[in-house]
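What follows is one structure encoded as structure tokens, with my remarks underneath.
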Amino acid sequence: MAEQPGALAGGPLTGIRVVDLSAVVSGPFGTSILADQGADVIVVEQAHAPDIIRQSGPLVESAQGVSPCWASMNRNKRSITLNLKDPRGTELVLALISDADVVVQNFRPGAMERLGLGWEVLHALNPDLVMCSISGFGSDGPYSHRPAFDAVVQSIAGYPMVQVDDLGEPQLMATIVCDKVTSLNVAQSVCAALVARSLGHGGQHIEIAMLDASIHFLWPEAMWNHTYMDHESDTPDLSTICKLFRTTDGWAMIYPLGTDAQWLALCEALNRPDLAEDTRFAQLSGRTLHGDEINVELQRETERFTTAALVKLMDEADVPTAPVNTREEMIDDPHIQHRGILQESEHPTAGRIRSVRSPALFSKTTSVHTRHAPLFGQHTEEILTELLAVSADELVTLRADGVIA
């Protein structure tokens with residue numbers, strides 16, 4: 001998408017300051033969206049306990065705590081270290097919050113109150129503040145006390161049973177889907193609250209539970225047999241309808257659930273008029289109900305083609321199709337390369353970094369990559385002197401006393 005005349009670099013959230021007290025993924029991935037869109041996101045790490053995500057995935061000692069996950073979720077942010085169990089650390093974070101627009105936190109329910117940073121305190125300090133509190137299971141209920149990790153939330157929300165394999169065994173999704181979908185809700189709800197504030201409604205507190213967000217995300221198609229309460233339904237799950245098809249040299253996706261015209265084009269391209277004439281498959285509802293039978297027939301056909309030849313044939317017939325890329329093939333995919341979805345930059349300690357650009361392309365307030373993912377406490381002195389006018393002597397004392405690292 002071409003930029004419009006008069007476009008301004010910096011992103012639509014330029015001028016918004018976020019104090020990010022969250023850690024790991026459910027908060028930081030959401031605040032990374034805000035940072036990519038121009039917000040000044042200040043990550044507050046515990047002075048003697050760096051975010052564990054700094055040690056997640058492949059580790060390179062020279063990177064100094066900039067792991068691949070950290071690099072992906074914390075670019076465009078600044079990092080400050082504070083000991084929030086020391087009253088002076090609490091005073092400093094309160095001073096930052098007093099002039100902030102947003103606070104995001106994912107401590108366990110009750111922890112912020114014990115630190116003297118609960119909503120009532122922060123709202124009294126800064127009535128226009130938007131605060132987003134993230135937890136695994138919400139602030140109340142029988143599970144509210146439990147530690148929450150993605151696999152745990154997936155299990156309660158039912159994801160593994162949706163992913164049942166051909167042997168009938170439940171399977172976790174091989175990605176931290178619950179953490180990440182929660183973060184998407186964090187970014188969206190924070191922006192919604194900022195819009196409400198701009199309309200004169202003041203600050204407000206947002207509560208987002210990973211379990212709530214995960215069930216909301218799962219529901220539309222995975223729970224379609226549990227939506228009608230006055231009518232019985234037994235429609236097959238998408239996992240039994242949408243299959244990947246083996247080719248002579250790999251795998252391909254052909255989507256049989258498109259329009260009736262696409263279904264007929266699929267049958268014609270494969271020279272299977274018998275499938276086109278089968279009344280069971282004539283409409284989308286029938287193809288959904290009998291998806292397993294269609295898949296058996298399609299597999300017999302796809303095994304005659306290479307992946308490239310099959311995709312070319314389907315594409316020319318305007319049938320929804322795709323090669324099943326490996327991770328390396330995804331990186332080199334010509335469309336992904338054309339779109340500029342992947343970007344490279346030089347990190348001061350981690351070396352060359354491959355990352356994904358912000359998916360939202362704004363025509364006027366363009367998002368830019370302005371900061372590398374920070375080292376632990378990299379901006380502590382900068383933030384304290386710039387925003388709170390802490391003197392050099394005070395910084396020495398705070399560091400000697402362990403209030404900052």
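The values are calculated or read from the model by the stated rules, or taken from the named source; none is laboratory data. On a predicted model such as this, the values are computed, not experimentally measured, just so you know. Here the Cβ positions follow ideal geometry from the backbone for every residue, glycine too, while neighbour counts run over all protein chains shown.
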Legend entry - Residue within the range 250-259 that is aromatic (Phe, Trp, Tyr), part of a helix (DSSP H, G or I) and under 13 Å from Gly291 (Cβ atoms) present: no
Inset, instruction - Would you check which residues across the range 123-154 are touching a helix residue (DSSP H, G or I) at 6+ places or on another chain (Cβ under 9 Å) and farther than 17 Å from Ile208 by Cβ and list them? - result: Leu125, Asn126, Asp128, Ala151
Inset, instruction - Tell me, please, whether a residue that is in contact with a Leu (Cβ under 7 Å, 6 or more places away or on another chain) and closer than 24 Å to Thr175 by Cβ can be found in the range 96-104. - result: yes
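Residues that are more than 22 Å from Thr81 (Cβ to Cβ), of a type in the set (Lys, Arg) and part of a helix (DSSP H, G or I): does the range 362-377 have at least one?
Pass one, the range 362-377, residues more than 22 Å from Thr81 (Cβ to Cβ): 362-369.
Then drop every residue that is not of a type in the set (Lys, Arg), which leaves 364.
Those left that are additionally part of a helix (DSSP H, G or I): none.
The answer is no, given that none of the residues of the range 362-377 is more than 22 Å from Thr81 (Cβ to Cβ), of a type in the set (Lys, Arg) and part of a helix (DSSP H, G or I).
For Asp150, indicate whether it is more than 21 Å from Ala192 (Cα to Cα), touching a residue at least 40 places away in the same chain (Cβ under 8 Å) and touching a Cys at 6+ places or on another chain (Cβ under 6 Å).
On the way: more than 21 Å from Ala192 (Cα to Cα): yes; touching a residue at least 40 places away in the same chain (Cβ under 8 Å): yes; touching a Cys at 6+ places or on another chain (Cβ under 6 Å): yes.
Criteria met by Asp150.
Need a quick list: helices (runs of 4 or more DSSP H) entirely within the range 112-208 having at least 1 residues that are of a type in the set (Ser, Thr, Tyr). Walk me through how you get there before you give the answer.
Working: elements: 119-125, 150-157, 159-162, 177-196.
Correct list: 150-157, 159-162, 177-196.
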Inset, instruction - Give just the number: which of (1) modelled with pLDDT of 95 or more; (2) out of contact with any Lys or Arg (no Cβ under 7 Å at 6 or more places or on another chain) does Lys243 not satisfy? - result: (1)
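Which one of Ser183, Ser133 is farther than 24 Å from Trp224 by Cβ, in contact (Cβ under 8 Å) with a residue 40 or more places away in the chain and out of contact with any strand residue (DSSP E or B) (no Cβ under 7 Å at 6 or more places or on another chain)? Step through it out loud before you land on a result.
Working: Ser133 fails: out of contact with any strand residue (DSSP E or B) (no Cβ under 7 Å at 6 or more places or on another chain).
Within the list Ser183, Ser133, the selection yields Ser183.
Evaluate the following for Arg354: is it in contact with a strand residue (DSSP E or B) (Cβ under 6 Å, 6 or more places away or on another chain) and surrounded by 12 or more Cβ atoms within 10 Å (Cβ to Cβ)?
Here the answer is yes, as Arg354 does meet what is asked.
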Inset, instruction - With the checklist (1) within 30 Å of Gly65 (Cα to Cα); (2) within 29 Å of the chain's Cα centre (by Cα) in hand, flag the one item Trp119 doesn't pass. - result: (1)
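Kindly provide the set of residues from the range 95-114 that are more than 28 Å from the chain's Cα centre (by Cα) and farther than 30 Å from Ala157 by Cα, ordered by number. Break it down stepwise before answering.
Taking the range 95-114 as the starting set, the residues that turn out to be more than 28 Å from the chain's Cα centre (by Cα) are 95, 98, 114.
Within the range 95-114, Ala95, Ser98 qualify.
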Inset, instruction - Would you mind listing the helices (runs of 4 or more DSSP H) fully within the range 262-359 where at least 3 residues are touching a Leu at 6+ places or on another chain (Cβ under 8 Å), of a type in the set (S, T, N, Q) and closer than 28 Å to Trp224 by Cα? - result: none
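Quick grid of which residues meet (1) more than 23 Å from Ile33 (Cβ to Cβ); (2) within 17 Å of the chain's Cα centre (by Cα); (3) surrounded by fewer than 18 Cβ atoms within 10 Å (Cβ to Cβ):
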{"site": "Asp150", "(1), (2), (3)": "no, yes, no"}
{"site": "Pro160", "(1), (2), (3)": "yes, no, yes"}
{"site": "Gly168", "(1), (2), (3)": "yes, no, yes"}
{"site": "Gly200", "(1), (2), (3)": "yes, no, yes"}
{"site": "Ser214", "(1), (2), (3)": "no, yes, no"}
{"site": "Leu218", "(1), (2), (3)": "no, yes, no"}
{"site": "Ala222", "(1), (2), (3)": "yes, no, no"}
{"site": "Thr227", "(1), (2), (3)": "yes, no, yes"}
{"site": "Asp230", "(1), (2), (3)": "yes, no, yes"}
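Tell me, please, whether a residue that is closer than 21 Å to Pro12 by Cα, crowded, with 16+ Cβ neighbours inside 10 Å and not aliphatic (A, V, I, L, M) can be found in the range 372-383.
Initially, the range 372-383 is screened for residues closer than 21 Å to Pro12 by Cα, giving 372-373.
Subsequent filtering for residues that are crowded, with 16+ Cβ neighbours inside 10 Å retains 372-373.
From what's left, not aliphatic (A, V, I, L, M): 372.
The answer is yes, given that some residue of the range 372-383 is closer than 21 Å to Pro12 by Cα, crowded, with 16+ Cβ neighbours inside 10 Å and not aliphatic (A, V, I, L, M).
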Legend entry - Looking only at the range 46-81, and only at residues there that are out of contact with any Lys or Arg (no Cβ under 9 Å at 6 or more places or on another chain) and part of a strand (DSSP E or B), the one that is surrounded by the fewest Cβ atoms within 10 Å (Cβ to Cβ): Ala49
Inset, instruction - Could you tell me which of the residues Arg352, Arg339 is within 30 Å of Trp251 (Cβ to Cβ) and outside the structural domain of Ser67 (by TED's automatic domain parsing)? - result: Arg339
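Kindly establish whether Ser22 is crowded, with 19+ Cβ neighbours inside 10 Å and either within 20 Å of Ile134 (Cα to Cα) or in contact with a helix residue (DSSP H, G or I) (Cβ under 6 Å, 6 or more places away or on another chain) (or both).
Numbers: crowded, with 19+ Cβ neighbours inside 10 Å: yes; either within 20 Å of Ile134 (Cα to Cα) or in contact with a helix residue (DSSP H, G or I) (Cβ under 6 Å, 6 or more places away or on another chain) (or both): yes.
Yes: the conditions hold for Ser22.
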Inset, instruction - Those residues that are in contact (Cβ under 8 Å) with a residue 24 or more places away in the chain and either surrounded by fewer than 16 Cβ atoms within 10 Å (Cβ to Cβ) or among the basic types (Lys, Arg) (or both), I need them from the range 270-303; list them, please. - result: Arg272, Leu284, Arg287, Asp292, Gln299, Glu303
Legend entry - Residue under evaluation Pro256, criteria (1) of a type outside the set (Ser, Thr, Tyr); (2) over 35 Å from the mean Cα position of the chain (by Cα); (3) modelled with pLDDT under 95, criterion not met: (2)
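Kindly indicate whether Ala174 is out of contact with any Pro (no Cβ under 8 Å at 6 or more places or on another chain), assigned by TED's automatic domain parsing to the domain that holds Phe107 and either within 24 Å of Pro12 (Cα to Cα) or in contact (Cβ under 8 Å) with a residue 60 or more places away in the chain (or both).
Numbers: out of contact with any Pro (no Cβ under 8 Å at 6 or more places or on another chain): yes; assigned by TED's automatic domain parsing to the domain that holds Phe107: yes; either within 24 Å of Pro12 (Cα to Cα) or in contact (Cβ under 8 Å) with a residue 60 or more places away in the chain (or both): no.
Answer is no for this residue.
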